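K.L.:
I'd like to ask you about the structure that follows.
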Amino acid sequence: MKAPHVDHGVDLTEEEFRLLRDFVHERFGLYFDGTQRSSLKARLAPRLALLGLLSFEDYYRHLRFAPDRAAEQQRMVSHLTNNETYFFREEAQLQVFSSHVLPSLKERRSKADERALRFVSVGCSTGEEALTLAMILFDSGQFFWGWDVRVTGLDVDEAALEKAARGTYHQNSLRAVSPSQLERHFVSEGSGVRVKDSIRKLVSFRPGNLLDPRSYEGVAPVDAVFCRNVLIYFSDESIQRAVRIFHEILAPGGYLFLGHAESLARVTSAFTPIRFQGAIVYQRPERQQA
C-alpha cells in the first residue's frame, strides 16, 4: 500500500473507526475489518495533518459535508487503494485470453457479421493491465482490417488514472516484460519508457466506481471484464454487487477474469467456470439459464 504508516498522535476511537469504515465501504466497496483499525488510522492520519484536523471524527465530517468533499474523497481513495500492478501480470490467464478467448470471440463476431470488440479493465490503477490487453490484441494480428477494438480502463482513483493517461512507466512496472515486448511496444523517455501510440490509441481511461452501474455507461456490453486482485479488498456484500454488475454488462458468452486468489465458487452460479492449465476463467452463458 502506498500511504506511509506514520503515527501522527491522533487516536482513532472505536466509534470513529466504525463511521469511517462504513463510509468507505458504502461509497467504494473497500472493507476494513476490526483487525485493520490501526491500518486505517495509519493510512488516513496524513490527511488529518494536511487538513489541520484534530480528530478522525472531524475528518469524517469533512468527507461528508465539506465543500471540497468530492476532491477529498478522491485523495482518500489514493491512500486506501493498492496500486501494485505491472505489465503482463499473471501470464497464464493472459495466455488463455490470447489463445482461447480472442479466437472464440472473433469467430462468434464474424458469424454474426460484426467486427467490434469491447474489453474493460476494472480497477485498472495506473493502466498496466489495460495496456497489456491492447498489446495482446495488437500482437494477435487478427484485428487490423475493419475491426473496431477498444479497451477501457476504469478506476476510482483519479490520480492513478492521470498516470495511466501519460503512459510513462519505470522498471517496477516492466518486471514481466520480455526484451522483444519492450522493443515492440515501448520507446525510451527520460529515465523510463513510454507506451507506443499504436497501443495507446486502443485504450481509454475513465473515472468510475465499479459498484456503480452508471460507471459503465457507453462501454457495455463488453466481451471480457478483467477485475483481477481487486475484489480481495471487498466485503462479501460488495463482491456480490460487483459480480451482478459484471454479469449485466457482459455480452452473452462474454468472459470474466478474476485474480488467482479470487473465486466465484461461493458467490454465484450465474457464470460457467472454464478451467485451463494454471487458470480459471468465468463465462456468462450464451443463453439465460432457466
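The values are calculated or read from the model by the stated rules, or taken from the named source; none is laboratory data. The shown structure was predicted, so the numbers you read here are calculated from the model rather than taken from an experiment. Backbone-built Cβ (ideal geometry, glycine too); neighbour counts: all protein chains shown. Quick note on the areas: whole protein, heavy atoms, side chains included, nothing else; ligands and nucleic acids left out. Shrake-Rupley method; radii C 1.70, N 1.55, O 1.52, S 1.80 Å.
K.L.:
Please count how many residues of segment 198-231 are of a type in the set (V, I, T) and over 12 Å from the mean Cα position of the chain (by Cα). So that I can check it myself, show each step before the final result.
P.N.:
Keep residues of segment 198-231 that are of a type in the set (V, I, T), which gives 199, 203, 219, 222, 225, 230.
After this cut, where a residue has to be over 12 Å from the mean Cα position of the chain (by Cα) as well, the list is 199, 203, 219, 222.
Going through segment 198-231 one residue at a time, the tally reaches 4.
K.L.:
So is F257 farther than 12 Å from L154 by Cα and surrounded by 21 or more Cβ atoms within 10 Å (Cβ to Cβ) or not?
P.N.:
So F257 passes the test.
K.L.:
Now, a different point. Between a first residue in segment 64-91 that is at positive phi and of a type in the set (A, V, I, L, M, F, W, C) and a second residue that is assigned to a helix (DSSP H, G or I) and surrounded by fewer than 18 Cβ atoms within 10 Å (Cβ to Cβ), which pairs have beta carbons less than 8 Å apart while being 6 or more apart in sequence or on different chains?
P.N.:
F88/Q181
K.L.:
List every residue pair whose Cβ atoms sit under 8 Å apart, with the two residues 6 or more apart in sequence or on different chains, where the first one lies in segment 119-144 and is within 21 Å of L182 (Cα to Cα) and in contact (Cβ under 8 Å) with a residue 60 or more places away in the chain and the second, anywhere, is among the aliphatic types (A, V, I, L, M) and assigned to a loop (DSSP other than H, G, I, E, B).
P.N.:
That search, which allows pairs on different chains as well, returns A134/L202; L137/L202; F138/L202.
K.L.:
Another question, if that's okay. Could you list all residues from segment 133-175 that are among the charged types (D, E, K, R) and closer than 21 Å to V225 by Cα?
P.N.:
D139, D148, R150, D155, D157, E158, listed by residue number.
K.L.:
Just one of the numbered conditions (1) open to solvent by less than 50 Å² (accessible area, probe 1.4 Å); (2) under 15 Å from C227 (Cα atoms) is not true of S104; which one?
P.N.:
All conditions pass for S104, except number (2).
K.L.:
Does E248 meet the test of being at pLDDT 95 or above and open to solvent by 10 Å² or more (accessible area, probe 1.4 Å)?
P.N.:
So E248 passes the test.
K.L.:
From the list F205, F186, which one is in contact with a Cys (Cβ under 8 Å, 6 or more places away or on another chain) and of a type outside the set (S, T, Y)?
P.N.:
Numbers: F186 fails: in contact with a Cys (Cβ under 8 Å, 6 or more places away or on another chain).
The unique qualifying residue is F205.
K.L.:
Let me ask something else. Do any helices (runs of 4 or more DSSP H) lying entirely in segment 110-193 carry at least 3 residues that are open to solvent by less than 20 Å² (accessible area, probe 1.4 Å) and closer than 23 Å to G259 by Cβ, and which ones are they?
P.N.:
Details: elements: 128-140, 158-166, 179-185.
In segment 110-193, the matching helices (runs of 4 or more DSSP H) lie at 128-140, 158-166.
K.L.:
Kindly indicate which of E129, E114, E90, E84 is over 22 Å from the mean Cα position of the chain (by Cα) and either acidic (D, E) or over 24 Å from E217 (Cα atoms) (or both).
P.N.:
Details: E129 fails: over 22 Å from the mean Cα position of the chain (by Cα); E90 fails: over 22 Å from the mean Cα position of the chain (by Cα); E84 fails: over 22 Å from the mean Cα position of the chain (by Cα).
The match here is E114.
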